[in-house]
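Report on the following structure.
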Amino acid sequence: MTEHPAPATLIRLHPGTLTGTSRTVASADDAEIEPLMTAAEVGRLLHIPRKRAYEIVGHLAVQIAPRTLRWRRGDILGLIDARRRTR
């Protein structure tokens, strides 16, 4: 029989103890989950070919699996808004 080391102590973080963060934690009932966008959807929104989405906004992507990227709609709309303000 082998001996296993004792499990490490779990550190539990509570929203009130975090400092330097501006995110608020909502309950699961209050939160609305935003669906992630595919490269084709991003391409339609930006009026670019699907394959160009990886080059243009690849840095904003969320990697959900190896070789699988998705984008948050809010990030893409924020990019569009930022580009409009700089013109």
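Observations on the structure shown:
- Number of residues in the stretch 37-59 that are of a type outside the set (Lys, Arg) and surrounded by fewer than 16 Cβ atoms within 10 Å (Cβ to Cβ): the value is 10.
- Selected residue (criterion: nearest to Thr38 (Cα to Cα)) from residues of the stretch 59-74 that are of a type outside the set (Gly, Ala, Ser) and assigned to a helix (DSSP H, G or I): Arg73
Here's the yes/no breakdown for (1) at pLDDT 90 or above; (2) over 17 Å from the mean Cα position of the chain (by Cα); (3) not in a helix (DSSP H, G or I):
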| site | (1), (2), (3) |
| --- | --- |
| Glu32 | no, no, yes |
| Glu41 | yes, no, no |
| Ala53 | yes, no, no |
| Val57 | yes, no, no |
| Ile76 | yes, no, no |
| Asp81 | yes, yes, no |
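The values are calculated or read from the model by the stated rules, or taken from the named source; none is laboratory data. All figures in this text were calculated on a predicted structure; none of them were measured in a lab. Here Cβ is always computed from backbone atoms with ideal geometry, including for glycine, and neighbour counts include all displayed protein chains.
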